[in-house]
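The values are calculated or read from the model by the stated rules, or taken from the named source; none is laboratory data. Just so it is clear, the model here is predicted, and its values are computed rather than measured. In this analysis, Cβ positions are derived from the backbone assuming ideal geometry, glycine residues included, and neighbour counts consider all displayed protein chains. Surface areas here come from the heavy atoms of the whole protein model, side chains and all, with no ligands, DNA or RNA. Shrake-Rupley method; radii C 1.70, N 1.55, O 1.52, S 1.80 Å.
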Amino acid sequence: MDGSGNELISEVKFSSVVPAKATGENKVHELSAIDLAMKLHYIRGVYFFRPSEEMRNLTIYDLKKPMFPLLEIYYVVSGRIRRRIEDRDRPFIKCNDSGVRIVEVECEKTIDEWLSIDDDKISHRDGDLVYSRAIGPDLGFSPLVFIQLTRFRCGGLSVGLSWAHVLGDIFSASTFINAWGHVMKNRPVERLRPLPATAADLIRPSGSTGRSTSPIKRLDSTGDLWIASNDCKMAKRSFRITEEKLVRILSVVDRNRSANYSSFEAIAAIFWKCLSKIRLEDSDSKTISIYSTKCPDREGQIPRNGMVMSAIEADFPVAGAEEGALAELIVKKKIDEGEEIKELVEKEREDSDFIAYGARLTFVDLEEANLYGLEMEGQRPVHVNYEIGGVGENGVVLVLPGPPRCDGRPGGDRTVTVILPEKQLPELIDELQKQWAIV
């Protein structure tokens with residue numbers, strides 16, 4: 001929800017939740033170069049819960065009460081941005097317990113009616129369930145996190161999370177919201193600490209790589225209003241890939257290939273090829289960015305941007321390539337760009353800001369994210385979706401896990417959310433339908 005209002009929602013109420021105990025004087029959280037590369041991006045997630053007697057009986061007090069002790073642990077989330085004058089106005093987070101903003105909304109539709117709203121309105125639809133505000137221009141008064149609680153006419157509930165990417169990646173955001181559910185059930189938050197990082201199989205570049213495109217896009221400084229301007233109108237669409245269809249995709253991609261492919265790599269190959277067909281005149285489509293986070297080890301409950309940021313560059317025409325060849329390229333030829341991005345940000349941050357997602361066509365691997373880990377009144381969400389705000393004109397493709405099976409085991413479906421220039425979406429939809437029967 002962008003604050004513009006909508007006839008489908010009403011009774012909007014605002015409040016704040018702060019840590020149960022004061023964090024203490026002079027506690028700060030320094031922002032890394034990777035954090036600053038993400039400062040113009042915002043993470044938005046929506047969790048849908050079916051109606052039940054328990055869900056109907058949940059009060060706003062029941063929902064807000066566990067947030068107080070949670071923010072005592074996640075004190076950084078309650079902070080506000082400040083600038084350090086002696087360090088060339090470098091931003092940092094002052095952990096001053098200013099709190100998280102809570103938004104309460106009533107919706108006249110049922111969850112089923114909401115989810116069946118025409119696809120042409122899907123971007124607007126999902127936006128109404130997440131109250132999102134850019135940081136600034138008053139940095140000291142801008143919350144880093146908004147949580148919107150929407151009550152549907154049927155008694156169902158959605159939880160909308162707006163999370164400033166400067167805080168951390170989607171893994172950090174989803175771990176935070178899962179921890180809220182754990183505190184609600186009086187479970188130890190420590191159980192949510194992610195597993196140690198899986199070593200990424202990356203090529204470590206020595207010196208200049210000679211790639212034709214930069215991993216991040218430089219913009220003139222936005223000052224104290226952290227929002228990117230984009231002359232290209234962007235649109236969003238989500239695709240569901242069933243387990244049965246995914247098996248077929250993997251069988252085609254695997255054909256006559258020696259590498260082992262994950263679902264993400266196979267899906268990325270398909271979307272890369274389809275978009276390259278649409279963008280034949282665009283030579284930049286031969287280089288893509290891959291963001292992957294294999295459950296990075298976190299220090300306690302301090303969120304961070306822990307994704308591995310890498311590039312893949314094809315030395316052959318992508319539009320005419322076999323999907324298996326593209327997947328094999330993704331598996332074997334990742335080039336780590338983390339250090340290059342850090343150097344670019346540190347060198348130019350005084351005069352510039354940056355866009356990371358969409359500087360090139362960007363693929364985000366979220367298959368290992370525990371997106372269905374939020375539990376409320378014994379229920380798990382029936383549908384979860386995430387998107388990124390502030391995406392550049394080359395677009396982003398996020399590959400998310402689908403809902404778990406009835407017995408709680410991971411499901412085989414995938415949700416693919418794309419954010420692209422509006423004019424490219426119809427062509428992508430046609431191409432996916434024609435080649436893979438993905439709708």
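Quick notes
- Sole residue being in contact with a strand residue (DSSP E or B) (Cβ under 6 Å, 6 or more places away or on another chain), under 30 Å from Asp231 (Cβ atoms) and without any contact (Cβ under 8 Å) to a residue 40 or more places away in the chain, chosen from Val391, Val416, Val396: Val396
- At least 3 residues being under 22 Å from the mean Cα position of the chain (by Cα) and not hydrophobic (A, V, I, L, M, F, W, C) is the threshold, and among the strands (runs of 3 or more DSSP E) wholly inside segment 1-92 those reaching it are 42-49.
- The set of residues in segment 290-307 that are modelled with pLDDT under 80 and either on the phi < 0 side of the Ramachandran plot or assigned to a strand (DSSP E or B) (or both) comprises Thr293, Lys294, Pro296, Asp297, Arg298, Glu299, Gln301, Ile302.
- Residue in segment 204-213 that is within 30 Å of Gly411 (Cα to Cα), at pLDDT below 95 and in a loop (DSSP other than H, G, I, E, B) present: no
- Among residues of segment 49-84, those that are open to solvent by 70 Å² or more (accessible area, probe 1.4 Å) and either of a type in the set (A, V, I, L, M) or over 15 Å from Leu157 (Cβ atoms) (or both), counted: 5
- Taking first residues from segment 179-195 that are within 22 Å of Glu368 (Cα to Cα) and partners that are at pLDDT 50 or above and of a type in the set (S, T, N, Q), the Cβ contacts under 7 Å between residues at least 6 apart in sequence or on separate chains come to Val189/Gln301; Leu192/Thr175; Leu192/Asn178; Pro194/Thr175.
- Any hit, segment 360-372, residues being without any contact (Cβ under 8 Å) to a residue 40 or more places away in the chain and crowded, with 17+ Cβ neighbours inside 10 Å: yes
- Pick from segment 258-278, criterion over 18 Å from the mean Cα position of the chain (by Cα) and among the aliphatic types (A, V, I, L, M), ranking: most open to solvent (accessible area, probe 1.4 Å): Ile278
- Identity of the residue in segment 381-426, on the phi > 0 side of the Ramachandran plot and open to solvent by 10 Å² or more (accessible area, probe 1.4 Å), that ends up farthest from the chain's Cα centre (by Cα): Gly408
- Residues that are outside any loop (DSSP other than H, G, I, E, B) and among the basic types (Lys, Arg) were ranked within segment 394-439; the one that is farthest from Ala359 (Cα to Cα) is Lys434.
- Test: residue in segment 85-103 that is modelled with pLDDT of 95 or more, under 26 Å from Ile9 (Cβ atoms) and open to solvent by 50 Å² or more (accessible area, probe 1.4 Å): yes
- Filter pass, Ile60 being under 21 Å from Val145 (Cα atoms), modelled with pLDDT under 95 and of a type in the set (Val, Ile, Thr): yes
- Long-range neighbours under 8 Å by Cβ, at least six apart or interchain, first residue farther than 20 Å from Pro381 by Cα within segment 55-73, second basic (Lys, Arg): Glu72/Lys21
- Sole residue being within 29 Å of Thr150 (Cα to Cα), of a type outside the set (A, V, I, L, M, F, W, C), in contact (Cβ under 8 Å) with a residue 40 or more places away in the chain and open to solvent by 30 Å² or more (accessible area, probe 1.4 Å), chosen from Glu346, Glu377, Glu350: Glu377
- Some residue of segment 230-242 being closer than 27 Å to Lys332 by Cα, over 20 Å from the mean Cα position of the chain (by Cα) and in a helix (DSSP H, G or I): no
- Selection within segment 334-372 - more than 30 Å from Val382 (Cβ to Cβ) and assigned to a strand (DSSP E or B): Ile335, Asp336, Ser352, Asp353, Phe354, Ile355, Arg360, Leu361
- Within segment 107-117, being open to solvent by 80 Å² or more (accessible area, probe 1.4 Å) and under 25 Å from the mean Cα position of the chain (by Cα) holds for Asp112, Ser116.
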